[in-house]
1. Under unit Cβ charges (Lys, Arg +1; Asp, Glu -1), what dipole magnitude, rounded to 20 debye, does the protein assembly as shown have relative to its Cα centre?
2. Under a GNM of chain C (C-alpha, springs under 10 Å), which listed residue has the highest mean-square fluctuation: C:F36, C:F79, C:F377?
3. Let me know the shape class of chain B, please: from the alpha-carbon gyration tensor, a ≥ b ≥ c as square roots of the eigenvalues, rounded when a/c is under 1.5, otherwise prolate if a/b is greater than b/c, or oblate.
4. In percent, how large is the relative contact order of the range A:27-130, given Cα pairs closer than 8 Å and 6 or more residues apart?
5. Determine which residues of the range B:82-120 fall in the zone a paramagnetic label at B:E74 would reach in this model, i.e. backbone nitrogen under 12 Å from the point 7 Å along Cα→Cβ.
6. Quick check: pseudo-label points 7 Å beyond the Cα along Cα→Cβ at B:V59 and C:S135, how many nm apart are they?
7. Remind me, relative contact order of the range C:246-350 in percent, using alpha carbon pairs under 8 angstrom and six or more residues apart?
8. At a Förster radius of 60 Å, what calculated FRET efficiency corresponds to the Cβ-Cβ distance of A:E100 and C:D164, to the nearest 0.05?
Amino acid sequence: MRTRTSATPRALTALLITAALGACSSPEKQLEQSDKKIEGLRATAQTIGQAWLKGEVSERYARAALQQTLQLLDKERATLTASPRLLLDPRGASVSRDAEHLSRVLAALIDDAHHGDDASARRHLADVAGSRGSP
Amino acid sequence: MGELALARDLQDKRVVDRNNRELGRVDRVVLGETPGGPPRVLAIEIGPSALGARLHPVVGRIARALEHIFRLEEGRPVRVEVDRIEHIQDSVKLDLTAGETAALAVEQRLRPFVKRLSGG
Amino acid sequence: MSAIVDVVLGIVTSIGGFIEAGSISTSAQAGAEFGFQLLWAIAIATVMLAVMIEMSGRLAAVSRRTIDAAVRERFGISFQWVPLAAELGIDTLLLSAEIGGAAIAVKLLTGIGFLWWVAPVGLLVWLILMLFGFSVIEYGFGLLGLVTLSFVYAAYHLRPPTHDLVRSLAPSMPHHDLVRYAFLSVSILGATVSPYLLNFYSSGTIEEKLTEKELWVNRTTAYLGICFGGVVSMGVLVTSAMVLGPKQIIVDSYDQAALMLVPVFHRWGIALFACSLGVGCLGAAVEIAINAAYAFSQALGWSWGANKARSDTARFSAAFTLITLAGTLIALLGFDPLRLTMISLALTVVIMPVIVLPFLALMNDDRYVKTHTNSAFGNAFLAGLTLLGALLAIIVLPLEVLGG
């Protein structure tokens with residue numbers, strides 16, 4: 001005869017498995033997380049770029065930090081492109097395009113920092129801010 | 001006459017020599033049967049092969065094999081007869097010196113390297 | 001007079017020595033993602049640590065034994081090999097995270113990739129251990145670590161709303177990402193209540209020959225020092241919440257975290273962050289490595305002591321050499337130090353009951369602490385929080401790994 005005590009561990013196990021599956025398989029949640037991370041990296045790039053132009057961080061730091069940001073962005077893009085289901089989603093496709101554009105702008109900013117080209121960096125920073133939702 | 005509990009007061013206790021030099025810990029207590037009499041404590045053993053054997057026979061054999069590879073097996077595990085135990089208080093004090101045993105063999109083997117690296 | 005100097009020095013070095021890779025990374029992430037909401041986690045973890053540090057000093061001063069020595073005697077090797085192996089495994093991971101953190105600090109200053117600095121940092125850790133005594137190791141890093149007060153100054157300068165700060169000292173549910181919130185609260189616990197600190201502190205009590213008559217020194221240093229140290233950790237969280245949070249920067253690297261000090265310190269911001277990270281991580285790496293040697297030596301009955309000539313404690317010296325080498329080699333594999341730190345911290349909380357519960361048993365055994373046993377409230381508080389933390393870690397760690 002089943003008792004409450006023997007049913008409780010089964011219920012708890014079911015809850016944990018459901019939560020675990022929920023944590024790893026919801027495409028909406030994955031997209032939301034990716035979007036949030038990419039927006040965070042966009043903000044990081046802007047903050048580093050602006051601080052460098054104001055003279056608040058060295059060119060050395062700006063270059064290294066932007067490179068690190070680019071690496072994190074590439075990782076996020078790899079997560080997106082690894083799942084065709086996410087790319088087929090219109091929102092997923094838009095996030096992927098934004099990430100790709102941001103990646104190119106970041107590469108340009110790293111080059112600007114390397115050459116100490118303030119004017120070019122300003123243009124590319126404006127591009128970072130404006131690249132959200134770009135076609 | 002005070003009573004001592006083997007597990008609580010002897011096994012795993014720190015062991016020091018006559019000069020209070022650390023020799024190790026009581027890694028194994030050896031009991032023996034006397035003909036027609038009750039079992040009694042014969043000796044204590046100090047050393048990784050004695051310790052390992054307590055955890056699992058395989059661990060003990062691995063420790064013994066390592067001692068063999070590094071030529072450290074002579075006189076090890078260090079076996080001290082119970083009548084060489086002077087007293088048991090905070091630690092087990094033995095009526096012998098470290099030099100009379102192989103307890104510090106690894107320490108002595110490593111010492112020249114460490115001395116060279118640390119400059120003293 | 002000497003006792004008062006000891007207390008003051010102890011408090012100052014507890015403040016300076018509080019911050020390392022774990023506390024910086026967890027507090028920075030918590031602040032950026034949840035604002036002030038996880039301040040309560042730092043507060044509770046700090047109180048837990050202060051209580052446990054006081055206990056470890058008390059055990060050592062009264063019984064003249066460190067925790068690992070007492071656990072071996074009281075419970076035997078057949079039990080002790082489990083917490084010892086668990087602690088040494090996690091400590092090796094933590095050590096590599098700290099070495100990685102210190103290497104990243106140098107990268108922040110030089111722009112040269114962190115992997116180039118891992119071996120030199122590992123070598124520096126080993127040289128410090130080989131050449132210096134306990135006082136230099138503890139007090140030296142503690143005093144240098146006062147550079148971390150820059151986080152407290154930054155938090156003060158940014159003028160966070162006091163009402164929100166005070167409210168955040170009580171636990172609350174997050175508005176988003178429950179799993180991430182729970183994972184960060186567990187990680188903050190692991191970062192603050194690192195098991196290696198307990199045996200390290202008890203070993204230090206023996207090294208410095210603190211006696212039963214000086215328990216007040218131990219109590220004052222533990223409570224005041226650790227609680228003030230917790231304020232530094234809160235400084236990191238608040239600064240991150242005020243600077244990185246509004247920009248929606250998610251901290252996935254130390255390069256990002258370093259930005260938090262720029263608005264207040266401008267061109268000195270990155271350098272101050274790098275120095276704080278570097279000194280904190282280097283100090284923690286030295287402590288972890290020497291504690292591994294303490295643990296082995298005390299459990300196995302080898303001669304030990306940072307104040308003894310290294311040639312008189314050859315096995316002790318070999319032990320810290322081996323773990324430093326192991327930590328450096330793992331760091332050289334190139335795992336992201338921030339990610340390695342976070343995983344190590346969560347695992348720390350999972351194993352915590354195996355280390356804390358035997359310790360609690362000793363603190364209630366009058367053969368070791370005589371009349372200075374724990375109160376029932378103290379036992380319940382620590383046991384309860386330790387088990388709750390471990391349960392939460394077991395649930396949350398797989399979810400975070402799967403979800404992330």
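Values in this text are rule-based calculations from the coordinates and carry no lab data. Since the model is a prediction, treat every value here as computed from it, not as a measurement. Because the Cβ atoms are built from the backbone with ideal geometry, glycine has one as well, and the counts that use them run over all protein chains shown.
1. Around 460 debye, computed over the protein assembly as shown.
2. Answer for the Gaussian network model of chain C: C:F377.
3. oblate
4. 35 percent.
5. The answer is B:102, whose backbone nitrogens lie closer than 12 Å to the label point.
6. The answer from the label model is 3.9 nm.
7. 18 percent
8. That pair, A:E100 with C:D164, gives E of 0.95.
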